[in-house]
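One structure is given here, and the rest of the page talks about it.
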Amino acid sequence: FPAGLTPMEKKLAEYKCNTNEAIQLKLVRFPEDLEDDNTTFNPEYSHQVFGDDEVAFGYKGLKILLYYIAGNLSTLFRIEYTSKVNEKFDCVEADDVESKIREIIPPGFCTNTDDFVSMLEKEVNFKPFGMLLHTYSVHNEEAGEDITYQIYKADMTCPGFREYHERLQTFLMWFIETASFIDVDDERWNYFIVFEKYNKDGATLFATVGYMTVYNYYVYPDKTRPRVSQMLILPPFQGEGHGAQLLETVHRYYMSSPTVLDITAEDPSENYIKLRDFVLVKLCQDLVCFSPGKLMQGFSQEMVMEAQQKLKINKQHTRRVYEILRLRATDMGDAEQSRSYRLDVKRRLIGPYKKKQRELAKMRRCLRPEELTNQLNQIDLNMQHEQLEESFQQLVSDYRRVLERLAQA
């Protein structure tokens, strides 16, 4: 503890718990999962529930158990601790952890293990909601077998889905930094959910893997522009390619609809952008307009049209796809090809700079003598070139990762 604390302060410091460690999550398939530490995972974030320092005060050895049945996500919620501050002696009050958690988890959870285990026995009746869109399998090294996954599209008219979605969305709070719950009464939401098929005592059961919500924006006069809002693959399933399967399935679903213009995303994270690059490049690489010969002639209106009409990809994303595919077709060891590629990408990157430059020049004409303006512009330009080169190198390394993943796919 820091020096100079009073005995009282020292004592109180012992009653602070990091909520990211205290919260223990599980997706339970078998009763023995309850005792198995390997099935436990923790939040990445808890600031939306417990404040920016992600601390709960007033307990020693605090454990906040949030266990979910793997399929229908029925919930067990319990709080355990070794000791708690006592208002009578310590003159301080412990945080009301329970009511904070109750604010985000829907009612109807159980609070003791026996009830939870008897709910687990009924799990065999749980079936995915909605319409099956896609089935795929992933080889699992540990199990030494292929595991089957399915992606369904659901909506609020599916019996039981509303309650299920309320339980599912609680995971957003722990794994998406700026998560918020959506208005499910708005009928323009679509829900896409990934399930794993698994066996238990000879029966086939379904476990929840992750999901995506998409909002259908209306575009005058008779089109829609679906916008990806939230996407989460639950931690036990991350890194197995489910995100790519889900995003590609969603694209394919909307591709078949004549009223859809293109698909966008709301405030995408860096990880999502990498995932989207991979999926869109995979979809686009066989289009005629992206043949190596055409890539070398530069970005074209034809690419914009074809990607939008056939694959519902917007102009901005098509441009990235073009840059990634052109990198693949370019021999970066060849001075001429590499220079041509660099100039092509930098010309796009410099757009915002040039706009800023024009605005600055306008301001300065009003404020300062001519010669000073030129000097300042010179300084700006040198900085710009450095920043531009940095942005370019960063992009190329991101693009190479996409191409590596593509080569393995």
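The values are calculated or read from the model by the stated rules, or taken from the named source; none is laboratory data. Bear in mind that the values here come from a model prediction, so they are computed numbers and not experimental data. Positions of Cβ are generated from backbone atoms using ideal geometry, with glycine treated the same way; all protein chains shown enter the neighbour counts. These area figures cover heavy atoms from the full protein model, side chains too; ligands, DNA and RNA do not enter into them. Shrake-Rupley method; radii C 1.70, N 1.55, O 1.52, S 1.80 Å.
In the range 202-302, which helices (runs of 4 or more DSSP H) lie fully inside it and hold 2 or more residues that are among the hydrophobic types (A, V, I, L, M, F, W, C)?
On the way: elements: 242-255, 270-284, 292-295.
In the range 202-302, 242-255, 270-284 are the helices (runs of 4 or more DSSP H) which contain 2 or more residues that are among the hydrophobic types (A, V, I, L, M, F, W, C).
For every residue, the table says whether it meets (1) at pLDDT below 95; (2) part of a helix (DSSP H, G or I); (3) assigned by the TED database to the domain that holds Leu247; (4) at negative phi.
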| residue | (1), (2), (3), (4) |
| --- | --- |
| Asp146 | yes, no, yes, yes |
| Lys153 | no, no, yes, yes |
| Glu163 | no, yes, yes, yes |
| Phe171 | no, yes, yes, yes |
| Thr178 | yes, no, yes, yes |
| Asp183 | yes, no, yes, yes |
Residue satisfying all of: in the range 243-274; crowded, with 21+ Cβ neighbours inside 10 Å, of a type in the set (A, V, I, L, M, F, W, C) and modelled with pLDDT of 95 or more; farthest from the chain's Cα centre (by Cα) among these: Val250
Residue ID - surrounded by the most Cβ atoms within 10 Å (Cβ to Cβ), chosen from residues in the range 284-339 that are closer than 23 Å to Glu404 by Cα and among the β-branched types (Val, Ile, Thr): Ile313
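So which of Asn125, Asn140 is open to solvent by less than 50 Å² (accessible area, probe 1.4 Å), polar (S, T, N, Q) and either out of contact with any strand residue (DSSP E or B) (no Cβ under 8 Å at 6 or more places or on another chain) or farther than 25 Å from Glu166 by Cα (or both)? Reasoning before the result, please.
Working: Asn125 fails: open to solvent by less than 50 Å² (accessible area, probe 1.4 Å).
Residue meeting the stated conditions: Asn140.
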Quick check on the range 134-154. Is at least one of its residues of a type outside the set (A, V, I, L, M), under 30 Å from Glu266 (Cα atoms) and free of Cβ contacts under 8 Å to residues at least 12 places away in the same chain? no
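Criterion first (among the polar types (S, T, N, Q) and either touching a residue at least 60 places away in the same chain (Cβ under 8 Å) or open to solvent by 30 Å² or more (accessible area, probe 1.4 Å) (or both)) does Thr75 satisfy it?
Values: among the polar types (S, T, N, Q): yes; either touching a residue at least 60 places away in the same chain (Cβ under 8 Å) or open to solvent by 30 Å² or more (accessible area, probe 1.4 Å) (or both): yes.
Answer is yes for this residue.
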Looking at the range 155-168 only, could you name the residues that are closer than 22 Å to Ile104 by Cα and open to solvent by less than 70 Å² (accessible area, probe 1.4 Å)? Asp155, Met156, Gly160, Phe161, Tyr164, His165, Arg167, Leu168
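Does Lys16 satisfy the criteria of being charged (D, E, K, R) and modelled with pLDDT under 95?
Numbers: charged (D, E, K, R): yes; modelled with pLDDT under 95: yes.
The answer is yes for Lys16.
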